[in-house]
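The values are calculated or read from the model by the stated rules, or taken from the named source; none is laboratory data. All values derive from a computational prediction rather than experimental measurement. Positions of Cβ are backbone-derived with ideal geometry, glycine not excepted, and every protein chain shown enters the neighbour counts. What goes into the accessible areas is simple: the full protein's heavy atoms, side chains included, and nothing from ligands, DNA or RNA. Shrake-Rupley method; radii C 1.70, N 1.55, O 1.52, S 1.80 Å.
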Amino acid sequence: MTPESLLASGVPLALAEVVSAEGSSPRDPGAWLLVSAAATAGTIGGGRLEWEVTARARTLLDGADSAGVIALPLGPALGQCCGGHVRVRLSLLDGAGRRALRARLAEAAAARPAVYVFGAGHTGMALARALAPLPLAVSLVDTRLNHLEAAPPGVEQVLSAMPEGVVRAASAGSGFAVMTHDHGLDFLIVSEALGREDAAYVGLVGSVTKRARLERQLAREEQVTAAGLTCPIGAAGLGDKRPEVIALHTAAEIMAAMGAASARRTVGEEPLAVGSAEDVLRGERLAWTR
């Protein structure tokens, strides 16, 4: 159940929020869990910690406990071996609390970085499905309405006869993953994205040969270079070319690139080089910040 649907249900709710976390803990301060008598939404880390907090929240809902902060050592007493220490605030949500949580959800949604997937074919649709549950504002762009209609929930459908115009209108720090049904259109969109110089990620589905052809075209036209381009995306699934596998690896690349861009904005460091899919999945070269 989503937080929005649980808030809209009108049932009594308790909120559990991590207020401090020391040592090895599953979530940081600010993480929260919404609890009703029959459902939960959000997470403070899962496992026995979340089971214990959910049980305490429900005793609060039943009137058998009082609101306040509970201390939870993540050791043998809780059946966990993390070794950290977490303090969680439990409270009943009244009307003002519900409005405040809705405002927090809206603020978080508005702050999500934008990712545009160009092409609603097999790989583009698989990538849209992989990105949909992540903390991103995902748009699927195509020139064909009948392809867009299969977009997963939460993904914006953008019908455009000139997809390069979507690139121009995108906000700074956006990500662009390009996989249309037309190589010429792919190159046009990628050239536009590379020319912005503020994109967090520019990826192109294809092969080493396709990248080389694009580089030659850019050189002839004396426009931008392909230095900021990831191609093939997802390292072509590390040898597995099924759309869903490529989408999984590409989603990891995009999340890592978005995290690196966020870190640069925060601390003003030099851009990090985008590594291979193995680097991304192991986290060796790209930083991710929450």
Q | Test: residue in the stretch 227-240 that is open to solvent by 30 Å² or more (accessible area, probe 1.4 Å) and farther than 16 Å from T123 by Cα | A | yes
**Q.** Residue among A193, A150, A170 that is open to solvent by 20 Å² or more (accessible area, probe 1.4 Å) and without any contact (Cβ under 8 Å) to a residue 60 or more places away in the chain
**A.** A150
Q: Could you tell me whether the stretch 2-14 includes any residue that is surrounded by 15 or more Cβ atoms within 10 Å (Cβ to Cβ) and assigned to a strand (DSSP E or B)?
A: yes
Q. Within the stretch 17-68, which residues are among the aliphatic types (A, V, I, L, M) and open to solvent by 70 Å² or more (accessible area, probe 1.4 Å)?
A. A37, A38, A64
(Q) Against the condition out of contact with any strand residue (DSSP E or B) (no Cβ under 8 Å at 6 or more places or on another chain) and either hydroxyl-bearing (S, T, Y) or farther than 27 Å from I233 by Cβ (or both), how does A100 come out, does it pass? (A) yes
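Taking the options L188, L204, name whichever one is open to solvent by less than 30 Å² (accessible area, probe 1.4 Å) and free of Cβ contacts under 8 Å to residues at least 40 places away in the same chain.
The conditions single out L204.
I'd like to check something: does the stretch 31-50 contain any residue that is farther than 28 Å from P133 by Cα and at pLDDT below 95?
no
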Q) What are the residues in the stretch 4-26 that are at pLDDT 90 or above and in contact with a Cys (Cβ under 7 Å, 6 or more places away or on another chain), if any? A) none
